[in-house]
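**Q** I'd like to ask you about the structure that follows.
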Amino acid sequence: MEQVIQPEITPMPRIGDKAPEFKAVTTQGEIDFPKQYKGSWVILFSHPADFTPVCTSEFMTFASMSKEFKDYNCELVGLSVDGLYSHIAWLRTIKEKIEYKGMKDVEVKFPLIEDITMEVAKKYGMIQPGESNTKAVRAVFFIDPKGIIRTILYYPLSCGRNFDELLRTLIALQTADEFSIATPADWRPGDEVIVPTAGSCGVAKERMEDKKNMKCYDWFFCTKKLTKTEIESKIKNRKK
Ligand code: BEZ
């Protein structure tokens, strides 16, 4: 009987999983991921190819916002299946030649992984053959200080990401952890937040104490105020 060889299928990482480990060469030297980021949040993201326009606009935007992510204890790590010399040449071109939407002289200081073997991209489900066999899709993994994947976003090749949304998501994750709340649709720091649903005595007691602050739309849907200042005082510029 003819033997059918099945392609090797790596399971896609999921929210709540430990971030798959790898060592890689980057534009900032070798990295041991996620081990060396223990204690920090990290956004690992992929782009389809160096020297392409959407990716260039994304890198310029992300690099320009890197201080804002750092303020929330978050490091950035990029990846594409290009080689190191392509990465270096592309980042140099961005810095020396490209002026876009008021951004110029943009230096990408975060590491960009070379992954010509696609080993890392495959581990993270960044190669999605229905979209491309030869390029990573635009994937974004938010990984917490314990190395756990907390959010995953995927975009196709044609669609540049919204970096305000990435920052908003990072702040929402940290706010939920810090204040034991959830964040409603389109939430931004300073908007009301959702208090945990009833069901435990602890929650009920906390609700009684917090009643003045709360607004209930129905028994299952209560919110409370949480100011931007309160949030920032807890999670912004926090020492590791
Ligand atoms: C871009 O970044 O412009 C791009 C990359 C791959 C396919 C299509 C667009």
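The values are calculated or read from the model by the stated rules, or taken from the named source; none is laboratory data. Here the structure is a predicted model, which means the values were calculated and not measured. Reconstructed Cβ throughout: ideal geometry from the backbone, glycine too, with neighbour counts over all protein chains shown.
**Q** For segment 68-90: of the residues being among the small types (G, A, S) and part of a strand (DSSP E or B), which is farthest from the chain's Cα centre (by Cα)?
**A** S80
**Q** Whether any residue in segment 100-111 is closer than 21 Å to E21 by Cβ, acidic (D, E) and more than 17 Å from the chain's Cα centre (by Cα) is what I want to check.
**A** no
**Q** From the residues in segment 45-73 that are without any contact (Cβ under 8 Å) to a residue 40 or more places away in the chain and of a type in the set (D, E, K, R), which one is surrounded by the fewest Cβ atoms within 10 Å (Cβ to Cβ)?
**A** Only one residue tops the list, namely K67.
**Q** Still on this model: Is segment 22-44 home to any residue that is surrounded by 20 or more Cβ atoms within 10 Å (Cβ to Cβ), within 16 Å of the ligand (Cβ to nearest atom) and modelled with pLDDT of 95 or more?
**A** No, that holds for no residue.
**Q** Now for a different question. Just checking, how many residues over segment 112-155 are away from the ligand (no atom under 16 Å from the Cβ) and either not in a loop (DSSP other than H, G, I, E, B) or not assigned by TED's automatic domain parsing to the domain that holds T52 (or both)?
**A** Summing the residues that are away from the ligand (no atom under 16 Å from the Cβ) and either not in a loop (DSSP other than H, G, I, E, B) or not assigned by TED's automatic domain parsing to the domain that holds T52 (or both) in segment 112-155 gives 15.
**Q** Ok, one more. So in segment 50-67, with the set limited to residues that are part of a helix (DSSP H, G or I), hydroxyl-bearing (S, T, Y) and within 15 Å of the ligand (Cβ to nearest atom), which one is nearest to M103 (Cα to Cα)?
**A** T61
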